[in-house]
Number of protein chains: 2
Amino acid sequence: MLKTEKRDEIIRAALEIIAEHGFHGAPIAMIASRAGVGAGTIYRYFANKDILISVLYEDIEDRLFPYILQGYDSERPVRERFLHLGKALLQYFIENPLDFRYVEQFHGSPYGAALRRDRILGARENRDVFHEFFEEGISQQMIKDFPLTVIFDLAFGPVLYVVRDHILDVVKLDNVLITKIIEACWDGIRR
Amino acid sequence: MLKTEKRDEIIRAALEIIAEHGFHGAPIAMIASRAGVGAGTIYRYFANKDILISVLYEDIEDRLFPYILQGYDSERPVRERFLHLGKALLQYFIENPLDFRYVEQFHGSPYGAALRRDRILGARENRDVFHEFFEEGISQQMIKDFPLTVIFDLAFGPVLYVVRDHILDVVKLDNVLITKIIEACWDGIRR
DNA sequence: AGTCTCGGAGTGAATGTTCATTCCTAATGT
DNA sequence: ACATTAGGAATGAACATTCACTCCGAGACT
């Protein structure tokens, strides 16, 4: 019944190594030894490396969305909700830099390009939260009338770049700065 | 005297293949055949693949900056200059999608991480234009007072994401939309 | 209770492939 | 003729994937 345990170890190890060394510098043998399993074992859980890589990505989304939705209240005013979503996103990646590094590499690579039509952050059930939120904001005339995709880019593009800088240690983010940044994002999309 | 010619072919071929298939799916043999040269020839021009990859990146910057600076007039008002820079950046990548795909992959990879402290767009002489521009904008109280890095993220993060969407064909950008987008970026950073 | 059998999870050495790089020969120019 | 440049087969290293084997626990049998 401990199936999950080994599988989790493999996923954790793969995340660590790929985030740090890229898809390149992450041979199966290395992942296996970091996970404390035999190389062959990985193939008992994942048909091949590509599939491991995709599953890993979905795994991150499955942790990210619940985190963001914590304390999200769709009854609150638009601006307040935006600040919540933006901050939560920023915070999640700051707290989980490996996830960020991984997502970043994944998106830039051909693996990620396969996700094409699916929006940058998620395409599962949860995605609807963002969807609905922005659509409501637009119809309430609180948010500029752009295609949804563009609104995403305006709203969260800066957030992701700021996270990168924080991880690369070129900015030091504290709570005050974070709030100011998300407010600036809001200025970008609000009417 | 045709030294340059073969070299350019190699660079072009490498750009095409890497942009499309990633650093992965771009074996030297494939680059060579696309360039119409022998595999060994590549090594007459580039010591190894890593160096080819870095040179390729620098090459892109060397084309990007002159393009952006065309018609840039540091005497014009801050807002106007910002609109110029933003549009030019967007336009360059729309016109050169391979360059964009390449830069994107490069940044997300460990190669790019080596550029750490160097700012996201350039670290050569030209970089100063952006530098100076934002510093001036801040001291004139036209632009919000954030660390320079953050200003970059707020200003150009959205632009790069929009370009990605355009290339992935999830938005259709026309001149009107482009202008509106850059204006929204301005709203994000202006006081 | 003790012994035996079976099945499936786990292993890592062996395999075959893919690749960057080298190096010797051919071609080209001077 | 000589020097320089190009070519691409040959080389060896690195890697993903496979597979023959080990190990272990849960039943079955005595």
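Odds and ends about this structure:
- Between copies, the label points of B:Arg79, set 7 Å from Cα on the Cα→Cβ line, lie 2.1 nm apart, reported in increasing order to one decimal in nanometres.
- GNM result for chain B, Cα springs below 10 Å: residue of B:Ala113, B:Ala14, B:Ala155 fluctuating most strongly: B:Ala113
- Cleavage-rule hits (GluC sites (Glu not before Pro)) in the range B:1-102: DSSP loop, at most 12 neighbouring Cβ within 10 angstrom: B:Glu75
- Amide H contacts under 5 Å for A:Arg190: A:Lys144, restricted to partners 5 or more places along the chain or on a different chain, H placed in the peptide plane at 1.01 Å from N.
- Each chain gives up part of its surface: B and A jointly bury about 3400 Å² of accessible area, both sides summed, for a 1.4 Å probe.
- Pseudo-label separations to other copies for A:Thr4 - Cα-to-Cβ vector, 7 Å, nm: 6.4
- Segments B:65-72, B:164-171, A:162-169, A:141-148 sorted - mean Cβ within 10 Å per residue, highest first: A:162-169, B:164-171, A:141-148, B:65-72
- Of B:Lys49/B:Lys180; A:Lys49/A:Lys180; A:Lys87/B:Lys180; A:Lys49/B:Lys49, pairs whose Cα-Cα distance is over 30 Å: B:Lys49/B:Lys180; A:Lys49/A:Lys180
- Where the range A:1-46 is the region considered: accessible area per residue in Å², 1.4 Å probe: 56
- Multiplying the residue separation of B:Arg34 and B:Glu20 by 0.36 nm and removing their Cα-Cα distance gives an extension gain of 3.7 nm.
- Over all directions, the projected convex hull of the C-alpha atoms in chain A averages 12.0 nm² in area.
- Rg/Rh (Cα only; Kirkwood hydrodynamic radius) as it applies to the protein assembly as shown: 0.98
- Compactness relative to 2.2 N^0.38 Å, alpha carbon Rg of the range B:1-46: 1.06
- Taking Cα centre as origin and charging only the Cβ of basic (Lys, Arg, +1) and acidic (Asp, Glu, -1) residues, the dipole magnitude of the protein assembly as shown rounds to 540 debye.
- Cβ-based charge dipole, chain A, positive-most Cα from A:Ile143, A:Tyr102, A:Gln91: A:Tyr102
- Residues within the reach of a label modelled at A:Arg44 (point 7 angstrom out along Cα to beta-carbon, backbone nitrogen below 16 Å), restricted to the range A:1-32, are A:1-11, A:32.
- Take A:Leu168, push a point 7 Å out from Cα through the beta-carbon direction, and compare it with the same point in every other copy: 2.1 nm, smallest first.
- Mean partner shielding of peptide A:176-189, defined as the number of other chain Cβ atoms within 10 Å of each residue Cβ, is 4.
The values are calculated or read from the model by the stated rules, or taken from the named source; none is laboratory data. The shown structure was predicted, so the numbers you read here are calculated from the model rather than taken from an experiment. Counting neighbours? That spans all protein chains shown, and the Cβs are built from the backbone with ideal geometry, glycine included. Quick note on the areas: whole protein, heavy atoms, side chains included, nothing else; ligands and nucleic acids left out. Shrake-Rupley method; radii C 1.70, N 1.55, O 1.52, S 1.80 Å.
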